[in-house]
Amino acid sequence: VQLQASGGGLVQAGGSLRLSCVISGSIFSITNMGWYRQAPGTQREWIARITRPGTTYYRDSEKGRLTISRDDAKRTLYLDIYSLRPDDTADYYCNADTDDMITYWGQGTKVTVSS
C-alpha cells in the first residue's frame, strides 16, 4: 500500500480546503484510514479517522470543522477543513491500517493559513 497526499497550499483564514490521499496497492486490505497533522515545533497529532464501514471519528477540539470521507472506487481518502485558522498551519498526513496490522503513511501535504 502506498499513499500520496495532496491539496495543501496557502489559504486565507476563514476559507476551506479539501485534502486528498490517493491509495495505491491493495485497497481491500485497508481497515481504518486517518489524517494527522504536525504544526511546526510540535508532535504529530491525530485529527480524524474513518473505518472500513464508514464510521467517522474526530478529535474533540476539531468536531464541526472537519469532514473525513473515503471513495473506494476512486481509491481516495479526503479531508475537508472549514473555517481555517492560522493555527491550522501544519503538515497534514494520511495513514492507513491494514488487515495484517501494518500502518502506512503518506508523505504529507503542507497547509499554510494566512491571517
In segment 90-109, how many residues are within 18 Å of residue 68 (Cβ to Cβ) and under 12 Å from the mean Cα position of the chain (by Cα)? 11
In segment 91-103, which residues are surrounded by fewer than 17 Cβ atoms within 10 Å (Cβ to Cβ) and either part of a strand (DSSP E or B) or of a type in the set (A, V, I, L, M, F, W, C) (or both)? 101, 102, 103
Conditions (1) free of Cβ contacts under 8 Å to residues at least 60 places away in the same chain; (2) surrounded by 15 or more Cβ atoms within 10 Å (Cβ to Cβ); (3) within 21 Å of residue 101 (Cβ to Cβ); number of the one not met by residue 28: (2)
Members of segment 47-102 that are in contact with a helix residue (DSSP H, G or I) (Cβ under 9 Å, 6 or more places away or on another chain), of a type in the set (Gly, Ala, Ser) and more than 15 Å from residue 35 (Cα to Cα): none
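Listed residues 37, 18; which is of a type outside the set (Gly, Ala, Ser) and touching a Gly at 6+ places or on another chain (Cβ under 7 Å)?
18
Taken together, the values in this text are just the output of simple stated rules run on the coordinates, not laboratory data. Just so it is clear, the structure is predicted and the values come from calculations on it, not from any experiment. Glycine gets a Cβ as well: all are built from the backbone with ideal geometry, and neighbour counts include every protein chain shown.
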